[in-house]
1. Springs between alpha-carbon pairs under 10 angstrom, Gaussian network model over chain A: which of A:TYR76, A:TYR196, A:TYR125 fluctuates most?
2. For B:HIS175 and A:SER252, FRET efficiency with R0 = 51 Å and r from the beta-carbon atoms, rounded to 0.05?
3. Can you compute the equivalent ellipsoid semi-axes for segment B:5-178, i.e. the square root of 5 times each eigenvalue of the Cα gyration tensor, sorted largest first and rounded to whole Å?
4. Quantify how strongly other chains surround peptide A:245-254 by giving the mean number of their Cβ atoms within 10 Å of each of its Cβ atoms.
5. Kindly flag which residue pairs out of A:LYS228/B:LYS228; B:LYS219/B:LYS247; A:LYS203/B:LYS228 have an alpha-carbon separation exceeding 30 Å in this structure.
6. Hey, got the dipole for segment B:5-178? About the Cα centre, +1 on K and R Cβ, -1 on D and E Cβ, debye to the nearest 20?
7. What FRET efficiency comes out for B:THR37 versus B:LYS97 if R0 is 22 angstrom and r is the Cβ-Cβ distance? Round to the nearest 0.05.
8. Which order do the peptides A:46-52, A:235-241 take when ranked by the mean count of other beta-carbon atoms within 10 Å per residue, highest first?
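A short reminder: the numbers here are calculations on the coordinates, not readings from a lab. Bear in mind that the values here come from a model prediction, so they are computed numbers and not experimental data. Note that we place each Cβ from the backbone using ideal geometry, even for glycine, and neighbour counts take in every protein chain shown.
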There are 2 protein chains.
Amino acid sequence: MVGSSDNWNSAVAEAIMAIGTPPFAEKLVAALRGVATFDYSVMFAYSGDARPIDLHDDFPAGKRRVFVTAYQEGPYLLDPFFLACSRDVDDGLYRIKDLAPDRFYQGEYFRSYYVQTGLSEEIGYFIQLPGGVVAVISLMRADHSPQFSAREFRKLSACEPVVRALALRQWQDLHRRYSDDAVEDGQSSIQRHIEYAFHTFGKSVLTIREREVVEFVLKGYSSDAIGKILEIAPGTVRIHRKNIYAKLGINSQGALFSQFIEALSAEANSG
Amino acid sequence: MVGSSDNWNSAVAEAIMAIGTPPFAEKLVAALRGVATFDYSVMFAYSGDARPIDLHDDFPAGKRRVFVTAYQEGPYLLDPFFLACSRDVDDGLYRIKDLAPDRFYQGEYFRSYYVQTGLSEEIGYFIQLPGGVVAVISLMRADHSPQFSAREFRKLSACEPVVRALALRQWQDLHRRYSDDAVEDGQSSIQRHIEYAFHTFGKSVLTIREREVVEFVLKGYSSDAIGKILEIAPGTVRIHRKNIYAKLGINSQGALFSQFIEALSAEANSG
DNA sequence: CATTGCATATCCCTTTTGTGATAGGCGCAT
DNA sequence: ATGCGCCTATCACAAAAGGGATATGCAATG
């Protein structure tokens, strides 16, 4: 089947082990790259008409704007993939042109947005997730690459059950993780942790003013800049830093960062 | 590879979906039956010298006594599979006769116990589970069937990574159920995120060496200390830092930390 | 075979930090 | 009211980091 099946099995094994962890999508895509080559991949979650959520992508830095940011602004509403989700397409692998209106290349979506992407073809796995959400994993070829051959498409189709099962489990795991302790105000669990850590780091030893200074130091401001923000002399900021380091038993900015990260981790085990 | 790979993928998908549920082992074995035929299968968990635990088997009612009950009474202590577990065998697929003492068929174990099983061959996947437990998934051929051919053995071996990953996840899931959340592998979700971020931060723009330097900078080491760790001149570390800052469009350690924290937050929305 | 990117390295100069010592004003509690 | 903790501030010196210029060896890419 898929070229060297050793690689496929090893790659699937890695993806299985990564279920519920950040590198999951990366591993899944790596497995698919062993089946057929492609230039970019992206995984969007579509929930009704809402702005799609970027669950994963591997666009180079320069391309992300057109493929993700710009897309999410509005073009997605004309995307054949998005429209297919609204039509309740069966799970499976589809070519974008098979889902598109008859004259895709003459349509509004193609002319006003898709040309900018410079893609020669895009295919996508559709996966119905619980709660009416549809995940689409897109594999893309840039315009210097040929379209997916029938053979490649068949091979990728054969992988669909595994891709689907993995995506479903990942989704379950994410929800198990975030449903207990998160999502009231749209902020993710990690963001809340970071925010919390900024305001409580060193609470037992540092004074209020010192914690303010710590916050700005951690956010990358120089002593001079912090002085301006807090409207005190830069020298005073330096005194605060000195006292802070002494209290924390450290002697550099770097060590402060390090302690902050540790606090972030530790917090997870007790808060 | 494995005959019809459609079936293999579908079967693996079913097993993935069954992780953490009772029919899991059944699905896993079903997948393997699509690769090569066998008469019976059993999955034992060995923990030190303790009586092995029967995690799954598909023996017909009449055979279970000799294969499971009798085996657990004592014969297991002479079982080449059990003995291999004590010797810390690497994960993988093994034939019983390759693990057995030279003259297996003349040995005590064979004469006093194994003959009763009426098997022509037995092969087993060895999987090291956390906590020093070893799981062995045995596939058996009764004496009217031929031994596993080299080709069949190779095909089953190719499946090993998947079998192993599935078994590990199943074991983790069983344990998560009893030990509430976290720890299992000593890492909480946030810690995993941080660890992941350390290794992927700036992946699209920074080189490997640069990311190594970033990691140590974020962990609070000075250029001199990093130079010693990476065994390069301190001046070189400073060059790396300079290049890193240029690529990231920043100009201080603090800004680097700030970007790292932002990456951590962003990751939560897509990881 | 030339180019490009990466890792390595040194000089030199400026800016920022880390650390010492020292000290005035303010609020709060014994 | 006297002491104590906190915030403020200055001076001076040493250590580390930021930034420019320049160069060599190596591997991959064309």
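1. In this elastic network of chain A, the residue with the biggest mean-square fluctuation among A:TYR76, A:TYR196, A:TYR125 is A:TYR196.
2. The value I calculate is 0.80.
3. Details: eigenvalues 117, 74, 47 Å².
Gyration-tensor ellipsoid for segment B:5-178: 24, 19, 15 Å.
4. 3
5. A:LYS228/B:LYS228; A:LYS203/B:LYS228
6. Details: 19 positive and 22 negative charges, 28 e Å.
Magnitude of the dipole: close to 140 debye.
7. 0.70
8. A:235-241, A:46-52
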